[in-house]
Each structure stands twice: as structure tokens, then as C-alpha cells.
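Laboratory data are not the source of any read-out in this text; all were calculated from the coordinates shown. What you see is a predicted model, and the numbers here were worked out from it, not measured in a lab. So basically every Cβ, Gly included, is an ideal-geometry build from the backbone, and we count neighbours across all protein chains shown.
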């Protein structure tokens with residue numbers, strides 16, 4: 001669904017067109033097996049991660065090069081996040097959390113390239129990531145704690161009369177987690193790209209007088225670079241918080 005903005009000269013801008021899913025070959029209907037632009041850019045994100053984390057660290061030099069330094073910094077950054085937020089007993093889940101962070105951050109940054117497609121702007125992608133986290137931590141919670149995992153919803157420190165009401169609130173907020181987890185990422189990424197497209201449309205229409213729109217594009221693009229990292233960080237740290245609740249469910 002394309003949103004339209006009309007200027008005084010009849011200019012029409014469609015900032016949502018950039019999020020349309022299209023088949024890579026032909027113009028037919030899209031089935032579950034059809035290669036699309038989403039497929040392509042998700043694959044490119046995976047290739048970029050492999051190049052950085054596998055190829056870039058294959059030499060394991062004592063004095064690391066640029067790719068090895070970036071890979072080691074990313075590894076140390078996420079490892080410390082998992083250890084600090086979820087605890088030392090959560091380190092066993094570090095590979096999954098590291099993979100999650102790298103996929104999101106690379107998808108976000110690849111989406112900033114001209115003529116690219118931002119896979120994390122689609123709720124279908126972020127919802128799958130969020131549901132995997134939700135189901136994963138729920139299963140871990142019951143496997144590690146058994147029925148005691150339900151203590152997450154029972155606020156024992158509250159007055160007895162309030163505990164049933166708080167339990168309902170806790171259960172509701174728990175099941176809302178995947179919704180907020182996915183919408184936060186997709187919404188922030190989509191909004192920034194849409195704003196850039198709007199200013200780009202005005203800049204193209206104004207020609208040599210497009211100093212202000214170009215300045216706005218530069219400012220918003222710089223903000224989007226920051227958002228690309230921050231949203232990957234927020235998604236990952238929330239995953240660590242949820243994992244902590246699964247491992248240590250008591251209030």
C-alpha cells in the first residue's frame with residue numbers, strides 16, 4: 001500500500017514503494033518457494049557475516065587486521081552483554097544471541113545502501129525472529145525450572161490481595177513480548193527509510209534549489225546509521241533480559 005504526498009507542482013512521492021516484495025525473476029505471483037528481493041538481501045546479509053566472522057578471522061593473526069578486529073570486537077561486545085544481563089549460566093546460549101545480533105545489524109546496514117532492500121523493515125521477518133526468541137526462552141524456562149517457571153508471573157513481594165491482579169498483568173505482558181519485540185525493530189527501520197524517500201523526492205523535484213532537502217537527507221541518513229546499530233542492540237539486549245527471566249523466573 002503506497003502512501004502519497006503531493007507537492008504544489010503535483011509531485012507524487014511513494015515512500016512505501018521501497019518496501020514492496022518483488023520476485024527476482026519475472027513478474028508472476030509470489031509463492032512460498034519464489035526467490036524474492038527479501039531472499040536476496042537476507043542471503044547477502046548471511047554472506048557478509050560469513051566473510052567477516054569466518055574468512056576475516058581465519059588467519060588469527062597476533063596483530064589483527066581490520067576485519068579480525070571488528071569480528072573480535074563484536075564477539076566481545078555480545079559476550080559481555082549476555083554475561084552481564086542474563087548471567088554466567090546464560091553463556092551457553094551466546095552463539096544464538098550472537099547470530100541474532102549479527103543478522104539484524106548486517107540486514108540494517110545493508111538496507112542503507114542505494115537501491116538495496118531492508119529485510120528488517122518487514123514485520124514478517126522481525127515477527128519470526130521475535131517468535132523464535134519467545135518460544136525459545138519459554139521452552140528453556142520450563143526445561144530449566146519446571147513448574148517453578150510460573151513463579152515469573154506471581155509477585156510474591158506484593159500484598160496477597162493484589163497478587164492475582166498482578167499475575168494477570170504479568171501474563172498479558174509476557175505474551176505481548178513478541179509483538180512489541182518485532183514491531184519496535186520493523187517500525188523504526190521503516191520510518192527512517194520512508195522519511196529519507198520523502199526528502200529524496202522533494203530534492204529530485206527542486207533540482208539545483210534542493211539544498212534544504214539534501215541537508216535533511218544527510219541528517220536523517222546519519223541518524224539511520226545510528227538507528228541501524230541501536231535497534232540491533234535493543235533487540236539483542238531484550239533477548240538477554242527475556243533469557244534471564246527464563247533462567248531465574250522468581251520475582
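How fast does the range 34-247 diffuse by Stokes-Einstein, in µm²/s, taking the Kirkwood radius from C-alpha pairs at 37 °C and 0.692 mPa s?
Numbers: Rh = 19.5 Å.
Estimated diffusion coefficient is 168 µm²/s.
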Difference of contour (0.36 nm per residue) and Cα-Cα distance, residue 211 to residue 123: 28.3 nm
Here the gain from full extension of residue 148 to residue 160, 0.36 nm per residue of separation minus their alpha-carbon distance, amounts to 2.5 nm
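Divide, for the range 56-149, the radius of gyration over alpha carbons by 2.2 N^0.38 Å, where N is the residue count. Walk me through the intermediate numbers first.
Numbers: Rg = 16.6 Å, N = 94, 2.2 N^0.38 = 12.4 Å.
Taking the Cα Rg and dividing by 2.2 N^0.38 Å, one obtains 1.35.
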Using the per-residue mean of other Cβ atoms lying within 10 Å as a proxy for protection, in what order, highest first, do the peptides 216-225, 118-127 fall? 118-127, 216-225
Counted neighbours (other Cβ, 10 Å), sorted fewest up, put 181, 14 in the order 14, 181
Could you grab the relative contact order for the range 34-247? Cα pairs under 8 Å, six or more apart, rounded to a whole percent. 27
On Cα atoms only, tilt of 66-86 relative to the major axis of the chain in degrees: 40
What distance in nm separates the two pseudo spin-label positions at residue 34 and residue 229, each 7 Å out from Cα along the beta-carbon direction? 3.8
Order by protection proxy (mean Cβ within 10 Å, highest first), peptides 55-67, 145-157: 145-157, 55-67
Can you grab the distance from the C-alpha centre of the range 228-251 to the C-alpha centre of the range 121-139, Å, no decimals? 13
So how far apart, in nm, are the two label points at residue 179 and residue 80 if each is 7 Å from Cα heading toward Cβ? 3.6
Could you give the angle, 0 to 90 degrees to the nearest 10, between helix 163-206's Cα long axis and the longest principal axis of the Cα atoms of the chain? 10
Would you kindly work out the equivalent ellipsoid of the range 19-100 from its C-alpha gyration tensor and give its semi-axes, the square roots of five times the eigenvalues, largest first in whole Å? 34, 19, 9
Sorting check: for 81-90, 170-179, which peptide has the highest mean count of neighbouring beta carbons within 10 Å, and how do the rest follow? 81-90, 170-179
Compute the helix-to-body angle for 123-145: its Cα long axis versus the longest principal axis of the chain, expressed 0 to 90° and rounded to tens. 10
